[in-house]
Amino acid sequence: TSEVDNKAIESSHKLSAAYPNVQARVHRVGLLNLCVSNWGFFGNGQGHPLYNLKESMGGCFNPNPDKEVVAPSAEYPAGSGIEYLFWGGLWIGAMIEDKPYTTVGADGWFWIHEVWPDAGEAGAIRERSTRSNNACYTPEAVSEQDIISVYTDTSADIPLSPDQQDDWDNRKHFPLGLQITQKSYSWSYEYAEDYVLIDLFVKNIGIKKI
């Protein structure tokens, strides 16, 4: 692909004028309180001067549904204040037409993010629960707290990454054309209370072979 072709592809993947509906939820039913986002990373970035991510208002297991309170990152045991995670970001590297490209959910320190949810309700995190007395109860739930989000890397513009710079080869983020469906599950049962299971379904929604 020529440089001109690359620019044409980038320009065809502009983010809409609407702001991505970035959110965070916390797994709270077991002994591990794990923060998950709908923009490609886990944990709250604790200690970073620009982060300490807050849990979004609402939610079926949020003890402060009417406020935005700093979320635990990966607190274990729950309520102890002992944290085990700064954050973990999704990184994907791939070859497209014999050239290497990458997409990162979080780079680690420089406030660079390259995957985003849709705007409005379409991009919101969804919760489900097997608990019949919970507001998020549904027979389709897998665990006592399912947290589900969908995000893509299809924008060449990165409006929420003020520190974003051109890559080492002087090229903006090149979208791989990926849609990621993220599903995480947690339980309160003694045999499963110490962990959260995470499924990531990666789909090529572009026009090129990855």
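The table below lists the values:
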{"item": "Test for ALA24: is it among the hydrophobic types (A, V, I, L, M, F, W, C) and at pLDDT 75 or above", "result": "yes"}
{"item": "Qualifying residues in the stretch 100-138 (those that are open to solvent by less than 80 Å² (accessible area, probe 1.4 Å) and part of a strand (DSSP E or B)) - the one nearest to ARG25 (Cα to Cα)", "result": "GLU127"}
{"item": "Residues being closer than 15 Å to ASN38 by Cβ and touching a residue at least 40 places away in the same chain (Cβ under 8 Å) - total across the stretch 176-201", "result": "7"}
{"item": "Residue match in the stretch 27-47 (condition: at pLDDT below 95, under 17 Å from the mean Cα position of the chain (by Cα) and open to solvent by 50 Å² or more (accessible area, probe 1.4 Å))", "result": "yes"}
{"item": "Residues (assigned to a loop (DSSP other than H, G, I, E, B) and crowded, with 16+ Cβ neighbours inside 10 Å) located in the stretch 52-70", "result": "LEU53, SER56, GLY59, CYS60, PHE61, ASN62"}
{"item": "SER73 being in contact with an Asp or Glu (Cβ under 7 Å, 6 or more places away or on another chain) and open to solvent by less than 20 Å² (accessible area, probe 1.4 Å)", "result": "yes"}
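The values are calculated or read from the model by the stated rules, or taken from the named source; none is laboratory data. Everything numeric here is computed off the predicted structure, so don't read it as measured data. Here the Cβ is made from the backbone with ideal geometry for all residues, glycine too, and neighbour counts use every protein chain on show. For the accessible areas, the whole protein counts, side chains as well, though only heavy atoms, and no ligand, DNA or RNA atoms are used. Shrake-Rupley method; radii C 1.70, N 1.55, O 1.52, S 1.80 Å.
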